[in-house]
Amino acid sequence: MIVLANDGISEKGIQLLKEADITVLDARVSAEHLSNFINENNVDVLLVRSATQVRKNLIDECPNLKIIGRGGVGMDNIDVDYAIDKGIYIINTPKASCKSVAELVFAHFFSLARFLHESNRLMPLEGETKFNTLKKSFNNATELSGKTLGVIGMGNIGLEVIKIGISLGMSIVAYNRTPKTENVKISFFDGQSLHFEIKSVNLDEVLKKSDFISINISNAEKYFIDNEQIAMMKEGVFIANTARGGVLNEVALIDAIERGKVAGAALDVFENEPNPEIEILMNPALSLSPHIGGNTLEAQNRIAEELAEQIIKIKDEL
């Protein structure tokens, strides 16, 4: 069996696959050459992350593909149903990067709450000459402890966000498309653990009560957070979107920031990815990152291990 990891795979995954007598091609093939590469190299398994698109035409052009794997949660860059209809196995790693994404949410929240995103831009330029001015301009910061955290989407990532929020002493209000109740377990270094029951509420309640809002839902056919939803939010709310570009209306967000409705926002994903709008890139109230939610060493190793284990299992069944 031959595997093409077109968006990369960690050494741990490569090692596990090689031990199972599976060949790994850790290449980066452009979209226009991908089908030819797959066919010429007799590739059985195509592994991707968010960069490579696996659409119907590619599936049709590669009749020998047996497995398509996505290193991550969302599958919106793969025509899943079409591939399944063609008899192709579809695998992903829904839990492997959850902790990493959740930690990034709070990295952005802390940065926004303490103006670190702007301070890091201005200190190298003005720190020597305008130190006291900068100090004064950043004196209206806020703590997360005691605030209300709104979580939109109670999937694996949303639950990790909730855990961190609880650990920081935040109140939690959470929305899920399908109402649900989750028992959240927080484990500590000494083996102790605490359990919290989190019941979902309606979206309006989350929007109206939250001081910080984390968007953790999959792709929507239209904006899930638009002018109407932003209007319901508290004055001075902070928003983080690490889910998908297109879930949040970026034009409405910029307008709300300019009006003071939204104090600041964090974006790891963008509507026009990988070419975010210049108005987004230059706005000082935004904390930005280039879709790096799952880009930690720990997450990449877990992703690779989970994919390898699934591929080996399917190989034994074929």
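The values are calculated or read from the model by the stated rules, or taken from the named source; none is laboratory data. Since this is a predicted model, take the numbers as computed values, not measurements. Every residue, glycine as well, gets a Cβ built from its backbone with ideal geometry; the counts of neighbours run over all protein chains shown. Protein only, heavy atoms only, side chains kept; ligands, DNA and RNA dropped before computing areas. Shrake-Rupley method; radii C 1.70, N 1.55, O 1.52, S 1.80 Å.
Summary table
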{"quantity": "Solvent-accessible area per residue for the chain (1.4 angstrom probe, square angstrom)", "calculated": "51 Å²"}
{"quantity": "Helix-derived mean residue ellipticity, 222 nm - over the chain, DSSP H n ≥ 4, -39500 (n - 2.57), to 500", "calculated": "-11500 deg cm²/dmol"}
{"quantity": "G71 long-range amide H proximity, modeled H, under 5 Å", "calculated": "V48, R49"}
{"quantity": "Modelled FRET efficiency - R0 51 Å, L168 with E40, Cβ distances, 0.05 increments", "calculated": "0.45"}
{"quantity": "The range 88-178: C-alpha gyration tensor shape, a/c 1.5 cut-off, then a/b vs b/c", "calculated": "oblate"}
{"quantity": "Protein accessible area in the range 237-294, 1.4 Å probe - carbon and sulfur %", "calculated": "56 percent"}
{"quantity": "The range 259-318 and the range 93-129: distance between their alpha carbon centers, rounded to Å", "calculated": "14 Å"}
{"quantity": "Within the accessible area of the range 1-83 (1.4 Å probe), percent carbon and sulfur", "calculated": "45 percent"}
{"quantity": "Largest-first ordering by accessible area, 1.4 Å probe, given options R70, R244, R114", "calculated": "R114, R244, R70"}
{"quantity": "Sparse-neighbour loop sites [chymotrypsin sites (Phe, Trp or Tyr not before Pro); the range 183-228; at most 15 other C-beta within 10 Å; DSSP]", "calculated": "F188, F189"}
{"quantity": "Additional length obtainable on full extension of the chain from N183 to N64, 0.36 nm per residue less Cα span", "calculated": "38.5 nm"}
{"quantity": "Efficiency of FRET between K135 and N301 - r from beta-carbon atoms, R0 45 angstrom, step 0.05", "calculated": "0.65"}
{"quantity": "Accessible surface of the range 167-232 [probe 1.4 Å, protein heavy atoms]: carbon and sulfur percent", "calculated": "48 percent"}
{"quantity": "Nitroxide proxy distance, nm - points 7 Å out along Cα→Cβ at K313 and S145", "calculated": "4.3 nm"}
{"quantity": "Summed side-chain charge close to E160 - residues other than E160 whose Cβ falls under 11 Å, Lys, Arg +1, Asp, Glu -1", "calculated": "+2"}
{"quantity": "Length-normalised contact order of the range 167-301 in % [C-alpha pairs under 8 Å, at least 6 apart]", "calculated": "17 percent"}
{"quantity": "Nearest-0.05 FRET efficiency for I292 and E126, computed from C-beta distance (R0 22 Å)", "calculated": "0.20"}
{"quantity": "From phi via Karplus (6.51, -1.76, 1.60), per-residue ³J(HN,Hα) for the range 262-268 in Hz, x at Gly/Pro", "calculated": "9, 6, x, 9, 10, 10, 9"}
{"quantity": "The range 138-242: relative contact order as a whole-number percent, Cα under 8 Å and 6+ apart", "calculated": "29 percent"}
{"quantity": "Cα centroid separation, the range 1-75 to the range 165-194 (Å)", "calculated": "36 Å"}
